[in-house]
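The values are calculated or read from the model by the stated rules, or taken from the named source; none is laboratory data. Predicted, not measured: the structure shown is a model, and the values here were computed from it. Methodologically, a virtual Cβ is constructed for each residue, glycine included, from the backbone with ideal geometry; neighbour enumeration extends over all protein chains shown.
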Amino acid sequence: MSYETIIVEIRDNVGLITFNRPDALNALSIALVGELADALRAMEKNSDVGAIVLTGSEKAFAAGADIKEMQSKSWPDTYVDDFITDGWEQVAACRKPVIAAVAGFALGGGCEIAMMCDFILAADTAQFGQPEIKIGVWPGAGGSQRLTRLVGKSKSMEMCLTGRMMGAEEAERVGLVSRIIPAAELVEEAVSTAQKIAVMSRPATMMVKDVVNRAYETTLAEGVRYERRMFQASFGTPDQREGMAAFVEKRKPVFGKS
Ligand code: CAA
């Protein structure tokens, strides 16, 4: 399928999705989010894809939901259509690992989409924020919840109440991003990181995502129990046999795609 608002490439077992609305700083229009969801679904079904990278431009990952598109909506419109749901939730629902490679602005829905990914690699130019308060609204794609879990109440409250942006260094210090990368190398580094994931056992990477995410959904005791049961289940996979045999035989493992 051809897309108008995103660019989709497959690079050595990695799906690369680039937001492509340069005139609007990649504002997340309904069309863009629909295409994003469609591309993610296709990559989930494509057995050649083992990990996915979402990125934007040098200037903006995405400057939020499209304000021009939503400004005239009424409350019944947004409620009945379940605005900011269709397509948006596909990012968090994706079962394959997804990396956000963020340069420039990741604001409002842009910050929220980045936080739905499994981890964020930030260019030194990255700016994160939930500035919705400045246009008379508040986060609607999970920002108030995910930002608070990631950086704590005090910083999340300050950012959501004032709309101030957080640069890459602060974002790394507080745990919002996993690493900072020079802007010129961001996409290559993100793809290369995704390639490292894509050659691992497919069920293992999907299970890691599942068990780590469980930490946000349940108590410590339940999470640990879930992890242990899933660890035990790994002994039912051919990749456990291959991975452990390869270690003992001092060779590289060759994992399957299922
Ligand atoms: N929606 C629609 N258009 C947007 C946009 C957005 N979120 N962000 C930027 N644009 C457009 C601008 O209107 C402008 O278009 P024109 O040239 O046609 O006027 C173009 O992108 C370039 O933007 P600026 O001229 O403003 O660029 P700048 O460098 O001076 O400022 C910025 C950059 C600080 C990011 C500024 O554009 C800005 O504040 N954008 C809005 C950020 C925002 O409020 N995001 C939250 C949206 S609401 C939301 O996301 C809800 C949710 O939780 C899902």
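Just for region 28-50: of the residues that are over 24 Å from L107 (Cβ atoms) and among the polar types (S, T, N, Q), which one is surrounded by the most Cβ atoms within 10 Å (Cβ to Cβ)?
In this case the residue turns out to be N46.
List the residue pairs whose Cβ atoms are under 8 Å apart, where the first residue sits in region 179-195 and is acidic (D, E), the second is crowded, with 16+ Cβ neighbours inside 10 Å and part of a strand (DSSP E or B), and the two are 6 or more positions apart or on different chains.
Going by the 8 Å Cβ cut-off, the qualifying pairs are E189/A101; E189/L121; E189/I181.
Taking interchain pairs and intrachain pairs at least six residues apart, which have beta carbon atoms under 7 angstrom, with the first residue in region 133-162 and touching a residue at least 40 places away in the same chain (Cβ under 8 Å) and the second in a helix (DSSP H, G or I) and within 8 Å of the ligand (Cβ to nearest atom)?
So the pair list comes out as I135/I67; A141/W88; A141/G109; A141/E112; G142/E112.
Of the residues L16, L28, L54, which is of a type in the set (A, V, I, L, M, F, W, C), more than 12 Å from the ligand (Cβ to nearest atom), under 16 Å from M115 (Cβ atoms) and out of contact with any Pro (no Cβ under 8 Å at 6 or more places or on another chain)? Explain how you work it out, then say what you get.
On the way: L16 fails: under 16 Å from M115 (Cβ atoms); L28 fails: more than 12 Å from the ligand (Cβ to nearest atom).
Just a single option satisfies the conditions, and that option is L54.
Looking at V80 and the list (1) out of contact with any Gly (no Cβ under 9 Å at 6 or more places or on another chain); (2) of a type outside the set (G, A, S); (3) touching a residue at least 12 places away in the same chain (Cβ under 8 Å), which single condition is not satisfied?
(3)
Among the listed residues A100, A106, which satisfies the condition of being within 13 Å of the ligand (Cβ to nearest atom) and not in a helix (DSSP H, G or I)?
Values: A100 fails: within 13 Å of the ligand (Cβ to nearest atom).
Answer to the selection: A106.
Applying the selection to region 205-258, what residues are among the aliphatic types (A, V, I, L, M) and over 25 Å from A93 (Cβ atoms)?
Of the residues in region 205-258, the ones among the aliphatic types (A, V, I, L, M) are 206-208, 211-212, 215, 220-221, 224, 230, 233, 244-246, 248, 254.
Within region 205-258, A221, M244, A245, A246, V248, V254 qualify.
Among the listed residues L176, L121, which satisfies the condition of being buried (at least 23 other Cβ atoms within 10 Å of the Cβ) and in contact with a Ser or Thr (Cβ under 7 Å, 6 or more places away or on another chain)?
Values: L176 fails: in contact with a Ser or Thr (Cβ under 7 Å, 6 or more places away or on another chain).
Exactly one of L176, L121 is buried (at least 23 other Cβ atoms within 10 Å of the Cβ) and in contact with a Ser or Thr (Cβ under 7 Å, 6 or more places away or on another chain), namely L121.
From the set of residues in region 147-173 that are surrounded by fewer than 16 Cβ atoms within 10 Å (Cβ to Cβ) and among the acidic types (D, E), which is nearest to T125 (Cα to Cα)?
Residue satisfying both the conditions and the ranking: E169.
Could you list, in sequence order, all residues of region 64-97 that are among the basic types (K, R) and either modelled with pLDDT under 95 or more than 9 Å from the ligand (Cβ to nearest atom) (or both)? Lay out the reasoning, then the answer.
Step one: filter region 64-97 for residues among the basic types (K, R), giving 68, 73, 95-96.
Matches in region 64-97: K73, R95, K96.
So which of R41, R11 is over 17 Å from G129 (Cβ atoms), in contact (Cβ under 8 Å) with a residue 60 or more places away in the chain, out of contact with any Lys or Arg (no Cβ under 7 Å at 6 or more places or on another chain) and more than 10 Å from the ligand (Cβ to nearest atom)?
On the way: R41 fails: in contact (Cβ under 8 Å) with a residue 60 or more places away in the chain.
The conditions single out R11.
Here is a yes/no grid of residues against (1) touching a helix residue (DSSP H, G or I) at 6+ places or on another chain (Cβ under 7 Å); (2) more than 24 Å from A65 (Cβ to Cβ):
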site	(1), (2)
G140	no, no
Q145	no, no
V151	no, no
K155	no, no
G163	yes, no
M166	yes, no
E169	no, yes
E172	no, yes
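For region 123-155: of the residues being near the ligand (Cβ under 8 Å from one of its atoms) and in a helix (DSSP H, G or I), which is farthest from R173 (Cα to Cα)?
Result: I135.
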